[in-house]
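See below for the structure under consideration.
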Amino acid sequence: MSKDKQDIQELLTLKSIAETLNECNDVKEMLQTVLKELIQVMKLQCGWIFFVHPKEGYSLIADYQLPPALTWGNKKPMCEGDCWCLERYRDGRLQRAANVIECKRLEQAIEEQWGDTNGVTHHASIPLRAGDEKFGVLNVAAPHKTSFSNKELALLEAVAYQIGTAIKRIKLAENEQKLALIAERNRLARDLHDSVSQLLFSLQLTARGAKEMTEDETIKDMFAYIQQLAQEALQEMRALIWQLRPHGLEHGLANAFQHYGDMLGLKVTVDINGLIDLPNEVEECLWRVGQEALNNCKKHAGVSEVDMAIHAQKHHVHMKVYDEGCGFSKADGHPFSLGLNSMKERVASLNGEIHIKSSVGEGTTIDVIIPLKKGRG
């Protein structure tokens, strides 16, 4: 291929990849599509992308045509342990596209006889970044290829820069959506407080005043009942407002659960063991599931005290909610099936598990286990 044709091909490659990056709004889908296109255009064999998380280790977010040796055991060689390219990335040595690095994962796969490497023994490594923010590593390889030309490395570096910029764009858009959702929750909470809560409070006062103005016992009982209903509705509304805009979550789950328990009239004891900074989505899931569990304790268990435990380990976080209330029989069905389904859906969305153990007169235990990302440091 002549130099002019090669230059045109490189420009077409960058143009095609740029179009793909601009069209995608999902990081994983984007990386998978671009990686496949890059490998095909450059006539390579395979590639993979690691996301490196400052607090959570690394994760394999995209791969294309990995040799059998690296797909063994549901891609176990790619999801566990460390390697030289990640070491160079973390200690700052991998600043630009690095011409071929021997692959520690492939070497181990050969030693363990996990499968054929298809002749792949080395790879090029390119950091993914946007400005000063780093996201991970792009690796590409081909059978028996032990050297990439300067032009190939320059093209890989240009593509990696495009990818990093696209990741930054998507993350900014996601953060903007989250901020918009928080703002909408706050607005709704304020509206409920300023309108419905005030009306219920006024209804409660009116019922109490009307009760004192009559001598008829039947009417007194009726106004007392209205006053009680207004009080219960006001408490429910305050709980709803609290769920929309929880106060205290910024100080940790234990603080938030204790404050929420105070609002419900429950004494909540929380045991924290090994807790570190959890990913936002995991913390929010535990918070919402714990809220629902405490609501059920208040409504159905007939108790004033609830015990909670949150234990974080290397690969998962475990939350337990236990009460010594009336319990229930599975044969009679769950008295809070709607809330239970909501908890199950939240936990399942993070590939977690939820188990409920209860029997009449012996209380209820809710166990939630949510896995943390593989390679967590």
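The values are calculated or read from the model by the stated rules, or taken from the named source; none is laboratory data. Because the structure is predicted, anything quoted here is derived from the model rather than measured. Cβ atoms come from the backbone with ideal geometry, glycine included; neighbour counts cover every protein chain shown. Accessible surface areas use protein heavy atoms only, side chains included; no ligands, DNA or RNA. Shrake-Rupley method; radii C 1.70, N 1.55, O 1.52, S 1.80 Å.
Value of Rg to Rh for segment 144-207, rounded to two decimals, is 1.62; Kirkwood radius and Rg both from alpha-carbon coordinates.
What percentage of all Cα-Cα pairs in segment 3-172 are separated by more than 30 Å? Let's see the in-between values first.
Details: 1716 of 14365 pairs.
When all Cα pairs of segment 3-172 are counted, 12 percent exceed 30 Å.
Note on segment 99-138: the C-alpha convex hull projects to 3.5 nm² when averaged across all orientations. Computed with a 1.4 Å probe on the full set of protein chains, the accessible area for Thr269 sits at about 70 Å². For the chain, give the percent of accessible area contributed by carbon and sulfur heavy atoms, probe 1.4 Å, rounded to a whole number. With neighbouring chains kept in place, the figure for the chain is 51 percent.
The helix-based estimate of mean residue ellipticity at 222 nm for the chain, built from -39,500 (n - 2.57) per DSSP H run of four or more residues and divided by its residue count, is -17000 deg cm²/dmol to the nearest 500. Taking 26 Å as the cut-off for C-alpha to C-alpha distance, list the pairs among Lys75/Lys320; Lys28/Lys178; Lys171/Lys320; Lys15/Lys75; Lys76/Lys344 that go past it. Those over the limit are Lys75/Lys320; Lys171/Lys320; Lys15/Lys75; Lys76/Lys344.
Enter the per residue convex hull volume of the chain, computed from alpha-carbon coordinates, in Å³ rounded to the nearest integer. Write out the running numbers ahead of the final one.
On the way: hull volume 65.9 nm³, N = 377.
Expressed per residue, the convex hull around the Cα atoms of the chain is 175 Å³.
Return the equivalent ellipsoid semi-axes of segment 265-376 as a descending list in whole Å, where each equals the square root of 5 times an eigenvalue of the C-alpha gyration tensor.
On the way: eigenvalues 122, 47, 26 Å².
After scaling each eigenvalue by five and taking roots: 25, 15, 11 Å.
Exposed loop sites, defined as trypsin sites (Lys or Arg not before Pro) outside DSSP H, G, I, E and B with at most 14 other Cβ atoms within 10 Å, are absent from the longest region of the chain, namely 97-313.
Ligands, DNA and RNA are left out, and with a 1.4 angstrom probe the accessible area of segment 3-172 is 49 Å² per residue. Across Phe135, Phe257, Phe201, mean-square fluctuation computed from a Gaussian network of the chain (C-alpha pairs under 10 Å connected) peaks at Phe201.
Asp26 exposes around 70 Å² of accessible area when a 1.4 Å probe is run over every protein chain in place. Here the relative contact order of segment 265-376, from alpha carbon pairs under 8 Å that lie six or more residues apart, stands at 28 percent.
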